[in-house]
Amino acid sequence: MEKTLIIEEKEVKLKTSAAIPRMYRELAKRDIFVDMRNLVSAKKGKKIDINELPPETLEIMEDLAYCMAKHADPSVPEDPIDWLSQFPTFAVYGIATEAMKMWTEDQRTLSKPKK
């Protein structure tokens, strides 16, 4: 799945595929399935207020957004800090929110179980 966002007049492409869990693991040294399950559990239908999230949660969101951006566009800098530096502080969380939605949509099964 691919999506293009416009953030602060910059085009940001995101892509999700089977490569994302490995890219995330190499970057973050954590398991994306565990991290995303914890994020979803913490949210439980509540609207997320960025100002109230712990630093670990923000880092998960940044890492996910970076992996999807790097996957969609190989010209994205190799260092996530260089990529994040091009955005105002809270703009990246708009990207991260879209990345989380894409991840969730990509995880839904397309087939229906047989009886």
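The values are calculated or read from the model by the stated rules, or taken from the named source; none is laboratory data. This structure is a prediction, so every number in the text was calculated from the model and none was measured. Every residue, glycine among them, receives a Cβ derived from its backbone with ideal geometry; neighbour counts consider all protein chains shown.
On the stretch given as region 55-81, residues that are buried (at least 17 other Cβ atoms within 10 Å of the Cβ) and part of a helix (DSSP H, G or I) total 15.
I'd like the residue in region 82-105 that is touching a Lys or Arg at 6+ places or on another chain (Cβ under 8 Å) and assigned to a helix (DSSP H, G or I) and, out of all such residues, is surrounded by the fewest Cβ atoms within 10 Å (Cβ to Cβ). Going through the qualifying residues, I end up with E98. Within this structure, D35 fails the test of being within 21 Å of I7 (Cα to Cα), modelled with pLDDT under 95, acidic (D, E) and surrounded by 13 or more Cβ atoms within 10 Å (Cβ to Cβ). Being in contact with a helix residue (DSSP H, G or I) (Cβ under 7 Å, 6 or more places away or on another chain), of a type in the set (F, W, Y) and at pLDDT below 85 is not true of Y24. How many residues are farther than 15 Å from M61 by Cα and among the charged types (D, E, K, R) when one looks only at region 16-36? The number of residues fulfilling the criteria is 2.
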